[in-house]
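One structure is given below, encoded as structure tokens.
Since every read-out is calculated from the coordinates, none of them should be taken as a lab result. Just so you know, these numbers come straight off a predicted model, no measurement behind them. Positions of Cβ are generated from backbone atoms using ideal geometry, with glycine treated the same way; all protein chains shown enter the neighbour counts.
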């Protein structure tokens, strides 16, 4: 059981809206990485870890997008994507430059999903 059961119908709709938006955003970004979009290849060249890291990141984003849409796995998807976006923000700030704002927004939204979807068993342990 997750915290979703304690949400009002409006709060539940908002949470679903955030999950759907994130799933679309991460699926699009992950597919661009997996399809070797020129901009993604260039960005990961600048990162300096090799193109294998682009494929790994793309696979994580696509898997996270799918897991967001499955209620029982959405908490874990939120955690996975929060960690991924933390890496993206750090990479923007210290490695490649550029604007980290989009990654920060996705990080915050992913963390929100993880927080709202936290399993009830973890809620008892956190109190």
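General remarks:
- Condition met for residue 18 (exposed (fewer than 13 other Cβ atoms within 10 Å of the Cβ) and either in contact (Cβ under 8 Å) with a residue 40 or more places away in the chain or in a helix (DSSP H, G or I) (or both)): no
- Of residues in region 30-66 being under 11 Å from the mean Cα position of the chain (by Cα) and surrounded by fewer than 21 Cβ atoms within 10 Å (Cβ to Cβ), the one farthest from residue 95 (Cα to Cα): 66
- Whenever a residue of region 69-81 is at positive phi and free of Cβ contacts under 8 Å to residues at least 24 places away in the same chain, it has no partner that is assigned to a helix (DSSP H, G or I) and surrounded by fewer than 16 Cβ atoms within 10 Å (Cβ to Cβ) lying with C-beta atoms less than 8 angstrom away and at least six residues away or across chains.
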